[in-house]
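Data first, discussion second: the structure below is written as structure tokens.
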Amino acid sequence: MMQLFGYDTINTLKVLMLLMETDAEFEFVPINIRAGEQHKPEFLDINPAGKVPVLRDGSQHQTESNAILMSLAHKMNWGLPEDPKEYGCMISWLFYQASTQGPHFGQIEYWNKLAKQPNTQALTHLRTIANRTIQHLDDQLKGRQFICGKNYSIADISLFPWLHIHDHLGLTIKGANNLELWLERIGRRPASMKALAFLGSNSMFDIKN
């Protein structure tokens, strides 16, 4: 049985969403990153980078959430576009999420909620970038049900969690009608609801947008 090492994080939620979509059997192994458990020797043996999530499948330890999504999608034969253009689109958005959306939204979370002294200048700059991301996604979704067309894919899964908590981050999607519909569409999926519920009612993801 696969094991998912994770915590109440955006990147753990991504993997949970795909596991729920595929009805995969797995064991969840909580790693309390707020208590520093990711730096303990026994976890560093699993991922020397000291990061969650990690998906253990037999002797293989897959790290990096979007890489886990790719690996799991191939293993389960789920959500991989057959059309080369759609496949290329999916890969592009996975990279965009990892290089742009994730880091900037994550820094907003840090400076807005976790830092002892919030940095107003940094928040203003980061929210400007986040608003561009929201507009970019809204434009991409014009005339589309999902990021790369009519089919739901791991690109959608990777982008959903940060946008699901936009209110928590002090961001607005007002006027981004395509994006709002996309969020509702994904949020209503049984697998999405199961994944959100899995992390518990005290999770930062238990937020009604």
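Please compute the net charge surrounding Pro190, taking Lys and Arg as +1 and Asp and Glu as -1 over other residues with Cβ under 12 Å from its Cβ.
Details: positive: Arg188, Arg189, Lys194; negative: Glu21, Asp23.
Overall, the nearby charge balance is +1.
Any idea how far apart Lys116 and Ala98 come out in nm if each label point goes 7 Å out from Cα toward Cβ?
Taking the simple label geometry, Lys116 and Ala98 are separated by 3.4 nm.
Taking the Cα centre of region 41-191 as the origin and placing charges on Cβ (Lys, Arg +1; Asp, Glu -1), which of Gly50, Leu141, Leu69 is farthest toward the positive end of the dipole?
So the residue we want is Leu141.
How high is the relative contact order of region 84-195, in percent, counting Cα pairs under 8 Å that sit 6 or more residues apart?
On the way: 82 pairs, mean separation 32.8, N = 112.
This gives 29 percent for region 84-195.
Which order results if Thr124, Thr12, Thr100 are arranged by neighbouring Cβ count within 10 Å, fewest first?
Values: Thr124 9, Thr12 27, Thr100 15.
Listed from fewest to most nearby Cβ atoms, that is Thr124, Thr100, Thr12.
What per residue convex hull volume, in Å³, do the alpha-carbon atoms of region 84-195 yield?
With only Cα atoms used, region 84-195 gives 99 Å³ per residue.
List the trypsin sites (Lys or Arg not before Pro) within region 43-141 that DSSP assigns to loop and that have no more than 10 neighbouring Cβ atoms inside 10 Å. Spell out each step's value before the answer.
Working: sites: Lys51, Arg56, Lys75, Lys85, Lys113, Lys116, Arg127, Arg132; in loops: Lys51, Lys116.
Within region 43-141, the qualifying trypsin sites (Lys or Arg not before Pro) (loop, at most 10 other Cβ atoms within 10 Å) are Lys116.
Rounded, prolate or oblate for the chain? Axes are the square roots of the Cα gyration tensor eigenvalues, ordered a ≥ b ≥ c, and the cut-off for rounded is a/c under 1.5.
On the way: a/c = 1.67, a/b = 1.09, b/c = 1.53.
Note, shape of the chain comes out oblate.
If you take every residue apart from Ile154 with its C-beta less than 14 Å away from the C-beta of Ile154, what net charge results, scoring Lys and Arg +1 and Asp and Glu -1? Don't jump to the answer; show the numbers that get you there.
Working: positive: Lys14, Lys75, Arg189; negative: Glu21, Glu64, Glu86, Asp156.
Net of charged neighbours comes to -1.
Helix by helix through the chain, keep the DSSP H runs that span 27 Å or more along the axis on Cα and average at least -1.0 on Kyte-Doolittle, and give those back in order. All intermediate terms of the calculation are to be shown ahead of the outcome.
On the way: long enough: 120-140 (30 Å, -0.72).
Qualifying helices: 120-140.
Using the Cα centre as the reference, give the magnitude of the dipole from point charges on the C-beta atoms of region 2-104 (Lys, Arg: +1; Asp, Glu: -1; all else neutral), rounded to the nearest 20 debye. Walk me through the numbers before you get to the answer.
Working: 7 positive and 13 negative charges, 71 e Å.
Rounded to the nearest 20 debye, it is 340 debye.
Mind putting a number on the dipole of the chain about its Cα centre? Charges go on the C-beta only, +1 for Lys and Arg and -1 for Asp and Glu, and I need it in Debye to the nearest 20. Provide the component values of the computation, followed by the final result.
On the way: 20 positive and 21 negative charges, 122 e Å.
In debye, rounded to 20, the chain gives about 580.
Quick one: Cys89, Cys148, fewest Cβ neighbours within 10 Å first, how do they rank? Numbers along the way, then the final one.
Working: Cys89 18, Cys148 23.
The order, fewest Cβ neighbours first, is Cys89, Cys148.
Run the simple label-point estimate for Asn77 and Asn32 please: 7 Å along Cα→C-beta, distance reported in nm.
For the pair Asn77/Asn32, the computed spacing is 4.2 nm.
Order of Glu82, Glu21 from fewest to most other C-beta atoms within 10 Å?
Exposure proxy ranking, most exposed first: Glu82, Glu21.
Could you please report the charge total around Gln107, scoring K, R as +1 and D, E as -1 over all other residues with beta-carbon less than 12 angstrom from its beta-carbon?
Taking every Cβ under 12 Å from that of Gln107, the sum is +1.
Each reported figure results from applying straightforward, stated rules to the coordinates on display, with no laboratory input. All values reported here derive from a predicted model rather than from experimental measurement. Here the Cβ is made from the backbone with ideal geometry for all residues, glycine too, and neighbour counts use every protein chain on show.
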